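Written out below as structure tokens is the structure these notes cover.
The values are calculated or read from the model by the stated rules, or taken from the named source; none is laboratory data. Quantities reported herein were computed from a predicted structural model and do not represent experimental measurements. Cβ coordinates were reconstructed from backbone atoms using ideal geometry, including for glycine residues, and neighbour counts include every protein chain displayed.
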Amino acid sequence: MAAATETATSEKLLATILKSLSDDKAEDVVQIDLRGKTEIGDYMVICSGRSTRQVSSISEKLAQTVKDEFGRTAKIEGKETGDWVLIDTGDVIVHVFRPEVREFYQLEKMWQPMDGPGAAAS
């Protein structure tokens, strides 16, 4: 397993995560490049599941995939309620929301570039 961990780059990890989310029918998947913006990770991925059951299932399967392919144990918070689950894989932080909860918190807006779409004109 150590060899798998050594060869895991944040880009490979991100690609595996995006494939897992796609396979499990996650909706509205958004990836945000955090490199140079924060030390919490290289990428953030935000997506939605249609129900608490799907949110929990997406999260469980994703954590297992990361463990199987990279030998990393992801930290998971919020799986019990299934409204908003955080999966911390080290280099990639994944948020899986129910749509209503995602709309309420609008996490994507916090990480949008200030000069990107939606930025206020000065």
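Conditions tested, residue by residue: (1) modelled with pLDDT of 95 or more; (2) part of a helix (DSSP H, G or I); (3) surrounded by 21 or more Cβ atoms within 10 Å (Cβ to Cβ).
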site: I40; (1), (2), (3): no, no, no
site: K67; (1), (2), (3): yes, yes, no
site: I76; (1), (2), (3): yes, no, no
site: T81; (1), (2), (3): no, no, no
site: I87; (1), (2), (3): yes, no, yes
site: H95; (1), (2), (3): yes, no, yes
site: V101; (1), (2), (3): yes, yes, no
site: P113; (1), (2), (3): no, no, no
site: G118; (1), (2), (3): no, no, no
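Taking the stated definitions as given, is E77 farther than 17 Å from S10 by Cβ and either under 12 Å from the mean Cα position of the chain (by Cα) or free of Cβ contacts under 8 Å to residues at least 24 places away in the same chain (or both)? Spell out the reasoning first.
Numbers: farther than 17 Å from S10 by Cβ: yes; either under 12 Å from the mean Cα position of the chain (by Cα) or free of Cβ contacts under 8 Å to residues at least 24 places away in the same chain (or both): yes.
In short, yes.
Is there any pair with a first residue in the range 8-30 that is of a type in the set (G, A, S) and a second that is part of a loop (DSSP other than H, G, I, E, B) and surrounded by 14 or more Cβ atoms within 10 Å (Cβ to Cβ) whose Cβ atoms are under 6 Å apart and which are 6 or more apart or on different chains, and what are they?
S10/D42; S10/D91
Given the criteria at pLDDT 95 or above, exposed (fewer than 14 other Cβ atoms within 10 Å of the Cβ) and in a helix (DSSP H, G or I), does A15 qualify? Before you say what the answer is, go through the steps one by one.
Numbers: at pLDDT 95 or above: yes; exposed (fewer than 14 other Cβ atoms within 10 Å of the Cβ): yes; in a helix (DSSP H, G or I): yes.
So A15 fits the description; yes.
Counting just the residues of the range 45-65 that are outside any strand (DSSP E or B) and among the small types (G, A, S), which one comes out farthest from T9 (Cα to Cα)? Break it down into steps so the answer makes sense when it comes.
Our first condition is that a residue be outside any strand (DSSP E or B); within the range 45-65, this holds for 49-65.
Cutting the leftovers down to among the small types (G, A, S) gives us 49, 51, 56-57, 59, 63.
Values: G49: 27, S51: 31, S56: 26, S57: 25, S59: 21, A63: 17 Å.
The extreme case among them is S51.
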